[in-house]
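Here's the structure, in structure tokens; my notes come after.
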Amino acid sequence: MKTLTHYLTMNLPSKMGFKNITPDVEKAVHASGVQEGMVLVNTMHITASVFINDNERGLHHDFGVWLEKLAPFNPDPNVYHHNRTGEDNADAHLKRQIMGREVVVAITKGKLDFGPWEQIFYGEFDGHRNKRVLIKVIGE
Amino acid sequence: MKTLTHYLTMNLPSKMGFKNITPDVEKAVHASGVQEGMVLVNTMHITASVFINDNERGLHHDFGVWLEKLAPFNPDPNVYHHNRTGEDNADAHLKRQIMGREVVVAITKGKLDFGPWEQIFYGEFDGHRNKRVLIKVIGE
Amino acid sequence: MKTLTHYLTMNLPSKMGFKNITPDVEKAVHASGVQEGMVLVNTMHITASVFINDNERGLHHDFGVWLEKLAPFNPDPNVYHHNRTGEDNADAHLKRQIMGREVVVAITKGKLDFGPWEQIFYGEFDGHRNKRVLIKVIGE
């Protein structure tokens, strides 16, 4: 069995944002030499997401509007008890649950076994600082 | 290490719908010969889901009503910017985030290691056309 | 390849609740002897979740309020058709979709490869009875 562990560092210049990390994952899979297996890609932070969807700017706008509606930002500690800790990012912890922490992608014949439109995104909900993404490849 | 890759083709006759694909996954696991490992099951399309829940018709009705409430269909490109591309399925991209892209299931003694009510479903949110599901088994 | 299968039994004394199961997963990973691989942790029940987020009491309160808003409890079988089966837990099946069924965590150098705040939780949405969690380790 072969494995490879690789870390990315993200720093998005806005509170909320989405970044296509598919090329980084492809590079890690290629470097691993794995022909058949799986790759796990997860954010290592709890106010961010890794997910698979469309590489389309309008949709990313829609994600932002939608997530703000389902889990609105509100620093008031009477609204979100988490903000009694002195933080103001309770909404980011909720948004991340909708978008997910991780994806697992099949590797077939040395490549990400993707449908026609699948792309991997990092989703940030409490930006302006460094956060890490983990890529773990296993297979043979 | 053993691996097996299998693709299903789905074509649901409605915009939204749910189909039990557990028997297909069980067949692939059996065919792989894997006794201990994991199976990844994911939709290869970004307006559909694979998820695990109850095989109960009333609940599937409830999923439909609930998802339509949380992420309503609306072809208006002023409501969903994604629909400025000429598509009308922005809502399907959102619904899929709630229901998820994939499941990973443990294989123990050659079988899906499931609780009493777990069943695997394909969830369609923009139907009337062919879409694929990927089954990837790894283990020994 | 090494594998390990371990089951936890949960019994939460309330309808909704969250329990940190990170120490149990760490023990299983250690017992497996796996140095490089992955661990799958999933609830085996369809009205519960396993997810990764913050070990902070205020946030867990916020999760409860938020989930009740997005998928309110209502035993009325006219509101949720699932409750025509005689059950009253349709809302729990919906809440579980938002919080997720499973997590997959990388194992690196024999340990859970976690960011600074990541902790694994069992989320209960229809408690007062025994439910199981599955831990499956694979790697080498």
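Numbers below:
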| read-out | value |
| --- | --- |
| Residue match in the stretch A:114-123 (condition: acidic (Asp, Glu), in contact with a strand residue (DSSP E or B) (Cβ under 9 Å, 6 or more places away or on another chain) and closer than 15 Å to A:Phe51 by Cα) | yes |
| Selected residue (criterion: nearest to B:Val34 (Cα to Cα)) from residues of the stretch B:65-123 that are among the polar types (S, T, N, Q) and part of a strand (DSSP E or B) | B:Thr108 |
| Residues being in contact with a Leu (Cβ under 6 Å, 6 or more places away or on another chain) and either within 11 Å of chain B (Cβ to nearest Cβ) or open to solvent by 20 Å² or more (accessible area, probe 1.4 Å) (or both) - total across the stretch A:88-101 | 1 |
| Close pairs (9 angstrom Cβ cut-off, 6 or more residues apart or separate chains): within 7 Å of chain C (Cβ to nearest Cβ) in the stretch A:69-85, open to solvent by 50 Å² or more (accessible area, probe 1.4 Å) and among the basic types (Lys, Arg) anywhere | A:His81/C:Arg57; A:His82/C:Arg57 |
| Check on B:Asn42, at the interface with another protein chain (Cβ under 9 Å from one of its Cβ atoms) and either part of a loop (DSSP other than H, G, I, E, B) or crowded, with 22+ Cβ neighbours inside 10 Å (or both) | yes |
| Residues located in the stretch C:50-64, provided they are surrounded by 16 or more Cβ atoms within 10 Å (Cβ to Cβ) and either within 11 Å of chain B (Cβ to nearest Cβ) or part of a helix (DSSP H, G or I) (or both) | C:Gly58, C:Leu59, C:His60, C:His61, C:Asp62, C:Phe63, C:Gly64 |
| Out of A:Val133, A:Val104, sole residue that is away from chain B (no Cβ under 14 Å) and within 16 Å of A:Thr22 (Cα to Cα) | A:Val133 |
| Residue match in the stretch C:121-128 (condition: more than 9 Å from chain A (Cβ to nearest Cβ), under 29 Å from C:Lys27 (Cα atoms) and touching an Asp or Glu at 6+ places or on another chain (Cβ under 8 Å)) | yes |
| Failed condition for B:Lys27, given (1) out of contact with any Ser or Thr (no Cβ under 6 Å at 6 or more places or on another chain); (2) within 12 Å of another protein chain (Cβ to nearest Cβ) | (2) |
| Residue that is farthest from C:Leu67 (Cα to Cα) [pool: residues in the stretch A:69-116 that are charged (D, E, K, R) and more than 17 Å from the chain's Cα centre (by Cα)] | A:Lys109 |
| Single residue of A:Lys27, A:Lys15 found to be of a type outside the set (Gly, Ala, Ser) and either touching a residue at least 60 places away in the same chain (Cβ under 8 Å) or crowded, with 20+ Cβ neighbours inside 10 Å (or both) | A:Lys15 |
| Residue list for the stretch A:1-39, restricted to those being assigned to a strand (DSSP E or B) and hydrophobic (A, V, I, L, M, F, W, C) | A:Leu4, A:Leu8, A:Met10, A:Phe18, A:Met38, A:Val39 |
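The values are calculated or read from the model by the stated rules, or taken from the named source; none is laboratory data. It should be emphasised that the depicted structure is a prediction, and the values quoted were computed from it without experimental measurement. Glycine also receives a Cβ, built like all others from the backbone with ideal geometry; neighbour counts cover every protein chain displayed. Surface accessibility is based on the protein's heavy atoms, side chains included, excluding ligands, DNA and RNA. Shrake-Rupley method; radii C 1.70, N 1.55, O 1.52, S 1.80 Å.
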